[in-house]
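Below you'll find the structure, written out as structure tokens, and then a few comments.
What follows draws every value from the coordinates through simple rules; no lab data is involved. On a predicted model such as this, the values are computed, not experimentally measured, just so you know. Note: ideal-geometry Cβ built from the backbone for every residue, glycine included; neighbour counts use all protein chains shown.
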Amino acid sequence: MRGTCLTNDSRTTGAPRPTILITGASSGIGLATAHAFAARGWRVAATMRRPADVGELTTIADLTVLPLDVTEPASVTEAVGRVVAEFGRIDAVVNNAGFAVDGVFEAMDDEVVRRQFETNVLGLVRVTREVIPVMRRQGSGTIVQLSSIGGRACFPLYSIYHATKWAVEGFSESLALELRPFGIRMRIIEPGAIRTDFYGRSRQPVVPPADGSYDAFVARCEAISLAAGGQGAEPAVVAATILRAVADRSWRLRYPVASPAPLLVRLRRLLPESWFLWLIRRRYGIR
């Protein structure tokens with residue numbers, strides 16, 4: 001998939017075109033981000049576990065599709081190596097691959113928990129570790145971590161998912177301090193409700209205990225969460241924020257985007273914890 005889509009700068013100055021690597025690019029935010037950067041003249045390496053899922057990415061000029069399974073270290077190493085071999089550099093990486101486990105924690109076995117952490121945390125860590133030496137040699141680069149408002153505030157039935165996003169937040173904040181001397185910027189994107197497969201194909205619900213103790217609670221909370229997802233913003237809204245974050249030459253770390261993320265972040269900062277948690281309980285009818 002090749003083309004000649006150039007940015008104004010590269011056409012008029014001959015400046016080298018920047019390269020971005022995106023994980024989980026077959027749908028949702030990853031797909032929207034691939035579209036957004038390609039439209040700006042970036043060379044895009046769109047990666048996914050199954051390249052057969054490439055879908056509409058075939059319509060994007062000057063885009064390379066590569067297999068990358070973030071749960072397999074060898075796959076990460078190979079994909080990053082291929083991008084560097086083909087383009088010579090990686091100016092930005094978007095760690096978007098992930099999914100959500102939701103349900104009653106009591107009903108989750110170790111395998112469910114392990115799978116959630118393997119993708120959302122260890123997968124992101126692997127890709128980040130692999131691109132750091134590339135960016136360090138360049139003396140520049142931007143690492144974009146897709147977190148969530150769920151990395152700043154918590155809701156019922158998402159305990160393990162929240163645990164992964166809080167891990168991403170802490171990992172990335174600390175790493176930002178390590179990488180700043182090398183000119184490498186860290187960005188944490190914190191979307192609110194977005195209409196993606198997060199509420200569909202990428203959702204991994206856990207069946208509650210058979211004794212029925214949680215049934216009414218689960219039904220009420222799931223209805224609220226799914227309704228919010230159905231009314232959420234389009235993935236392109238997040239892609240636009242990622243574009244802005246990569247273009248930003250400041251050292252800003254966090255970018256909440258789409259309702260209710262910006263509001264919840266402000267409330268968490270301003271309100272006493274007991275008041276903030278009362279608002280969450282009230283939303284879900286928890287006494």
Every residue from region 230-264 that is in contact (Cβ under 8 Å) with a residue 24 or more places away in the chain, more than 15 Å from the chain's Cα centre (by Cα), surrounded by fewer than 17 Cβ atoms within 10 Å (Cβ to Cβ) and in a helix (DSSP H, G or I): Gly230, Pro262
Return the pair list, or none, for Cβ contacts closer than 7 Å from residues in region 176-194 that are more than 18 Å from Leu146 (Cα to Cα) to residues that are small (Gly, Ala, Ser), at least 6 apart or on different chains. Phe182/Gly139; Gly183/Gly139; Gly183/Ser140
Here the qualifying pairs (Cβ atoms under 6 Å; residues six or more apart or on different chains; first in region 132-157 and touching a residue at least 12 places away in the same chain (Cβ under 8 Å); second of a type in the set (Phe, Trp, Tyr) and surrounded by fewer than 21 Cβ atoms within 10 Å (Cβ to Cβ)) come out as Arg136/Phe182; Gly151/Trp166; Pro156/Tyr284
From Val238, Val265, Val207, Val246, which residue is among the aliphatic types (A, V, I, L, M) and in contact with a Gly (Cβ under 8 Å, 6 or more places away or on another chain)? Val207
Filtered residue count, region 198-221, keeping only those that are buried (at least 17 other Cβ atoms within 10 Å of the Cβ) and either touching a His at 6+ places or on another chain (Cβ under 7 Å) or assigned to a helix (DSSP H, G or I) (or both): 4
Matching entry among Ala46, Ala34, Ala38 (being out of contact with any helix residue (DSSP H, G or I) (no Cβ under 8 Å at 6 or more places or on another chain) and either buried (at least 22 other Cβ atoms within 10 Å of the Cβ) or of a type in the set (A, V, I, L, M, F, W, C) (or both)): Ala38
Listed residues Pro181, Pro156; which is assigned to a helix (DSSP H, G or I), more than 14 Å from the chain's Cα centre (by Cα) and of a type outside the set (Ser, Thr, Tyr)? Pro181
